[in-house]
Each structure stands twice: as structure tokens, then as C-alpha cells.
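Notes follow the structure.
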Amino acid sequence: MKQKSLRKFLFFNFLIMAVFNFAHPVTPRLINELELPSYMFGLFFALMSIGSYIFSPIWGSLSDYKGRKRFLMIGVLGYGTAQLGFGLSQSAALISAFRVLGGVLSVSYIAVVMACISDLSSPENRAKSLAYLAATTAMGSAVGSNIGGWLGATNYKYSFIVQFAACIAITVALFFLTNETLEKKKEGKAVLALNHLKLKKSSLDFKSILGALILTVAFMNITTTSYNSTIGYFVESDLKLPTQLNGLILSIVPICAVLVNFLVNPRLAAKYDELKTLIVVIALTGGSLFIWAYSSNLIVMGIFLVIFFIVMPLAQPIYQSMISKHAKDNAGEIMGIQNSARSVGMVIGSLMAGFLYDFGSKLPFLVGSVMALIACLILILQYRREKKTSA
């Protein structure tokens, strides 16, 4: 029964991620047609990430008390509504408000679906299930980017309108076709996870493996956001390619993610130590992105760009697996904390990319690669600390 529900949620995740990505290829056109400054692509991404950071642990902790299903539906319908407002707005202030709202609501789905997959997976199969979640996320992102590019070819607003309609349809389908995954809810009055908003020393020990993982999640999301938030604008404004090709280019990384998460990650999880594997993956991610951005030789650029596309998607399911192993009766809250770390990285990465772009179109990629190498160093130190402790 759990396996059937797991497959159903993975299929829904594919559909939802496709719809969530309809507007990404046309956002650079929105910025250009409204004659907004170039740094706005980073600012809009950052505002959404701020909303995600604030509410990710809140939605996650609420789902531990109230169940998962309602928060999945809130996330899908809420994001579709926020995106409609974003796409039809004409002023930077109104767009910014809808970006924050989009982050607040979309993360209700993103944080809670990871907890759903954990609910439906045995401890020994959790890594594989989360790898499949990452794969369906990537597959949906690739399909959605291509569809969105074609929908917005004549008018970027069409992508947002269709996105809203699809979110309504999927919310209805979630209501009728899925069941609650949380077998035992927390008892008592719901307690909101608000520690990440308090100006006090973190309850996480950053010298522990969990603390190091959460910290490096933030660094790695600076890297991925520097790439993801810049590449669409780079293609639209520097390379002058149409939205259809922009959508195709934006789908390359998700397509690679599908392949590696279905074919490579389950084998890595079964055969190798997760922490050592994660260190190697992050080192290759940062190194390949740096060489691609720094080099002027087309062959070298091509080789290391392919390496980057292959290794970048490997990190997320390893992170999810390792962090989920530390979750006991608060999987929703822990996944929410992880998502907040992602959001911090996304805020920093997007703002940094937006403002660095004017000084050099490849600077966001170079600085992002340095952040990955810092994350790699932190995990190497943690690995040595763990070996010393166990010796």
C-alpha cells in the first residue's frame, strides 16, 4: 500500500514541478519588456527565497501536527495564485509583493512533500526514494521549462495564466486522489518552528554532522542559485536567444538530473559512504563550474560544462537522505530547517548574482563555484572530525 502511495506522490511531484516551472523561461522577457533594471532578476528570486526561508519550518512543523495533505494543497494552489499576480503585474513593487507571497506559499508544498516521501519509505529505502523525488523534480522542471517557453513565445503572460489554471486542476486532483501519509500526528497544541527567526545562538551544533550538513546546504544553494538565476537572463540578454531556446537550455540541467538520479544516485547510495560521496560530488561541482566560467577555450568549456551538468544534481538527494536520518518524530520540522538553509543560500545567491552581473556576466558563476569549494572544505573538516571521534 505504501509503495502504491509513494509512486502516486512521485507522479504528482513530476506534474507539480512541471507546472511550477512554466514561468521561468519567460521571466527575463517580463523584466525586459517592463524595462526593469537587470539586477531585478536577482532581486525577484531573492524575495521569493526570503518568503521560503521564513515559512519553510513553519509549514513543516504544522504538518507534523495537522498532517501533510492539506499543506501540499495550500502550496500548489497558493503558488499558482501568486504567479498569476506576478505575471499580470506592471510595477516592480507589486511584482515584488507577489514574489514574496509565492515563496511563502510554494514552500508549503516543497518542504512537506519531502516529509511525505520519508513517511512512505522504510529507513533502508529512504535514500532511494528521495533520489527518485529529486529525479521527478528534475524531470518535471525540464518538461515545464520547455512548455513554458513555447506558451510564452508570443506573449509571456500566457505562461502565467496557464500555470494558474493547471495549479487549480492539480489541487483538486490532490484532494480526491491522495491519502494522508502521516500515520501518527504529534499530540497537543501545534507548536510553530520559529527558532530560525530568533536572534539568538542556533540550537544546531555546527560541529556536528547535522550542523555541517545544514550549513553546507546554504553554501551549495548559493552555487546553484547563482547558476540557475543567471543562466536564463544570460541566454536572453547576452546570447539574444528566443524563449523557446531559453526553455530548452534551462531544461538541460534537469534532464541530466533525471538521468543521474535514476541511474547513478541509487547505486552510489548502496555502495559508498554518503559523506565521502558528497565531498567528491561538491568538489567536482565547484571545480567544473569554475573552469567553465574562467576558461576561454571552447573545448575545455564544453567538457567542464558537461561535468557540471552531470554532478550538480547528485548532491541534493544525498543531503536529503543524510539529514532525514536524523529526523525522529519531527521529520517535517527538520526538512523545514533544511529548506530554510536552502532559502538562505538562494537569497544570497540571487542577490549576489543580480548585482555582480553588471560587472561581468560570468562573475555570478565564478563566485558560485567558490562557494561550493568552501562547502567542500567544511565537509572535509567534518569528515576528519568524525574519524577522530570514532577512532
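Could you list, ordered by first residue, the pairs with Cβ atoms under 6 Å in which the first is in the stretch 21-37 and in contact (Cβ under 8 Å) with a residue 12 or more places away in the chain and outside any helix (DSSP H, G or I) and the second is among the hydroxyl-bearing types (Ser, Thr, Tyr) and buried (at least 23 other Cβ atoms within 10 Å of the Cβ), at least 6 apart or interchain? From residues that are in contact (Cβ under 8 Å) with a residue 12 or more places away in the chain and outside any helix (DSSP H, G or I), the pairs are ASN21/SER141; ASN21/SER145; PHE22/SER159; ALA23/SER159. State yes or no: is SER229 at pLDDT below 85 and surrounded by 21 or more Cβ atoms within 10 Å (Cβ to Cβ)? Taking the combined requirement at face value, the residue satisfies it.
Per the conditions (1) closer than 19 Å to LEU259 by Cβ; (2) surrounded by 18 or more Cβ atoms within 10 Å (Cβ to Cβ), the sole criterion not satisfied by ILE303 is (2).
For the stretch 295-310, the candidate set comprises residues that are modelled with pLDDT of 85 or more and of a type in the set (Phe, Trp, Tyr); within that set, the residue that is nearest to MET371 (Cα to Cα) is PHE308.
Annotation: of all residues in the stretch 97-122 being in a helix (DSSP H, G or I) and polar (S, T, N, Q), the one that is farthest from the chain's Cα centre (by Cα) is SER118. Taking every residue in the stretch 180-191 that is closer than 10 Å to ASP64 by Cβ and pairing it with any residue that is hydrophobic (A, V, I, L, M, F, W, C) and at pLDDT 85 or above, at least 6 positions away or on another chain, the pairs with Cβ-Cβ distances below 7 Å are ALA190/LEU62. Only one of the numbered conditions (1) among the hydrophobic types (A, V, I, L, M, F, W, C); (2) over 23 Å from GLY232 (Cα atoms); (3) crowded, with 24+ Cβ neighbours inside 10 Å is not met by ILE170, and that is (3). Here's a check for you: in the stretch 75-98, which residue that is without any contact (Cβ under 8 Å) to a residue 24 or more places away in the chain and more than 27 Å from LEU174 (Cα to Cα) is surrounded by the fewest Cβ atoms within 10 Å (Cβ to Cβ)? Ranking the qualifying residues of the stretch 75-98, first place goes to ALA93. Give me the residue from the stretch 321-338 that is under 23 Å from MET139 (Cβ atoms) and crowded, with 24+ Cβ neighbours inside 10 Å and, out of that set, modelled with the highest pLDDT. That would be GLN338.
Restricting attention to the stretch 1-42, the residues being among the charged types (D, E, K, R) and crowded, with 16+ Cβ neighbours inside 10 Å number 1. Can ARG7 be described as at negative phi and touching a Phe, Trp or Tyr at 6+ places or on another chain (Cβ under 7 Å)? No: the conditions fail for ARG7.
The values are calculated or read from the model by the stated rules, or taken from the named source; none is laboratory data. From a predicted model like this one, the values you see are computed outputs, not experimental measurements. Virtual Cβ from ideal backbone geometry, glycine too; neighbours counted across all protein chains shown.
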